[in-house]
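Asker: Structure below; questions to follow.
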Amino acid sequence: MHSPAVIKSFYYRNDCRTTHYLHEHDGFEIYYVHTGSCCYYIGAELYDLEPGDLLISNGKAMHGTMMRNPCTRTNIQFIDSNIHTMLPSSLSVDVMAPFRKLKNCRWKLGGDRMKEIESIFSKMLDCRHRTNPVSVNRFHNAFVDLLLLICEIRDEAPSDHAELSKVKESHVRRIISYIGDHYGDDLTLDHLAGWINLNKYYVAKLFKETIGMTVFDYIRKRRVLEAKRLLLFDKHKSVTDIGLDVGFKQLSHFSACFKQITGLSPEQFRKRAVVGMFPNGGS
């Protein structure tokens, strides 16, 4: 991969199956759907993505796919701190403005724009594994062209933040936000429904339809994500204490959920982190 200080990853037309993946990372992300559909979660916001949808986001907010159907997408993660190294000196446009000002935003692209952005992705793909100077510069130029295209789309088309004000999506966003603030508490469906002042059966149905998983599956995933962070960065805290901190009442339940979601026990996960097998923080 060229310019690792700027572009962390470039996955072209990746065929995603029905899996749920929540994570965080430094920098920003560009996400584009070619075929299929998915529900994409960022912070407390939800986006139902379809072919032609372009999404930009800040990687530091928890985000990821809540897959309901197979989906083919291209996504790019990049760091903006050294982006000036690939910008031409004559460039007079602040290509990072959409990412700083809008933070998380989705646009629905039409036919011509879809062809244009997919053509840029193809150019990047053609050059990404070549190491000669010409190909490296072509790769960089294509990425800069992508950033300029996003600026142009931002100027031409309004974002769909208003779409997120739908009542059902607003309810689910509030529930997700509440879980994010209280994952260590004893969360029950009755408690969540009472807090949001809705029928608990309606809450369960609404959450499953919108996110693609049950409320309790989401709570378990959220708790395991926080446990992974503590296992990586709070090495003096015991596995039992970490399980209690993130909301599991019993070590056996914590270990079973952790292994089901990550494929490893908490002890195995911590051991691999110690020997440096998780260079990207284990996400």
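Asker: Listed residues Tyr183, Tyr201; which is farther than 26 Å from Lys101 by Cα, at pLDDT 90 or above and among the aromatic types (Phe, Trp, Tyr)?
Answerer: Tyr183
Asker: Note down all Cβ pairs under 7 Å where the first residue falls in segment 25-39 and is closer than 20 Å to Leu146 by Cα and touching a residue at least 60 places away in the same chain (Cβ under 8 Å), the second is open to solvent by 10 Å² or more (accessible area, probe 1.4 Å) and outside any strand (DSSP E or B), and they're at least six residues apart or on different chains.
Answerer: Cβ pairs passing all conditions: Phe28/Asp80; His34/Pro51.
Asker: Search segment 168-196 for residues that are within 20 Å of Asp245 (Cα to Cα) and touching a residue at least 60 places away in the same chain (Cβ under 8 Å) and pair each with any residue that is of a type in the set (A, V, I, L, M) and part of a loop (DSSP other than H, G, I, E, B) when their beta-carbon atoms are under 8 Å apart and the residues are at least 6 apart or on different chains.
Answerer: Once the first residue is within 20 Å of Asp245 (Cα to Cα) and touching a residue at least 60 places away in the same chain (Cβ under 8 Å) and sits in segment 168-196, its partners that are of a type in the set (A, V, I, L, M) and part of a loop (DSSP other than H, G, I, E, B) give Ile176/Ala44; Ser177/Ala44; Gly180/Ala44; Gly180/Met62; Tyr183/Val246; Gly184/Val246.
Asker: Evaluate segment 200-211: report whether one residue or more is in a loop (DSSP other than H, G, I, E, B) and either more than 22 Å from the chain's Cα centre (by Cα) or free of Cβ contacts under 8 Å to residues at least 60 places away in the same chain (or both).
Answerer: Within segment 200-211, none of the residues are in a loop (DSSP other than H, G, I, E, B) and either more than 22 Å from the chain's Cα centre (by Cα) or free of Cβ contacts under 8 Å to residues at least 60 places away in the same chain (or both).
Asker: Mind listing whichever residues of segment 173-198 are open to solvent by 90 Å² or more (accessible area, probe 1.4 Å) and either part of a loop (DSSP other than H, G, I, E, B) or not charged (D, E, K, R) (or both)?
Answerer: Asp186, Trp195, Asn197
Asker: Now for a separate question. If I filter segment 29-47 down to residues being touching a Ser or Thr at 6+ places or on another chain (Cβ under 7 Å) and open to solvent by 20 Å² or more (accessible area, probe 1.4 Å), which single residue comes out as modelled with the lowest pLDDT?
Answerer: Top of the filtered list is Ala44.
Asker: Now for a different question. Assess whether Gly59 counts as being over 28 Å from Val136 (Cα atoms), at pLDDT below 85 and not polar (S, T, N, Q).
Answerer: So Gly59 does not fit the description; no.
Asker: Oh, and also: Kindly indicate whether any position in segment 102-124 is of a type outside the set (Val, Ile, Thr), more than 28 Å from Lys8 (Cα to Cα) and within 21 Å of the chain's Cα centre (by Cα).
Answerer: No, segment 102-124 contains no residue that is of a type outside the set (Val, Ile, Thr), more than 28 Å from Lys8 (Cα to Cα) and within 21 Å of the chain's Cα centre (by Cα).
The values are calculated or read from the model by the stated rules, or taken from the named source; none is laboratory data. Small disclaimer: the values here were computed from a predicted structure and weren't measured. Here Cβ is always computed from backbone atoms with ideal geometry, including for glycine, and neighbour counts include all displayed protein chains. All accessible areas refer to the heavy atoms of the entire protein, side chains included, with ligands and DNA or RNA removed. Shrake-Rupley method; radii C 1.70, N 1.55, O 1.52, S 1.80 Å.
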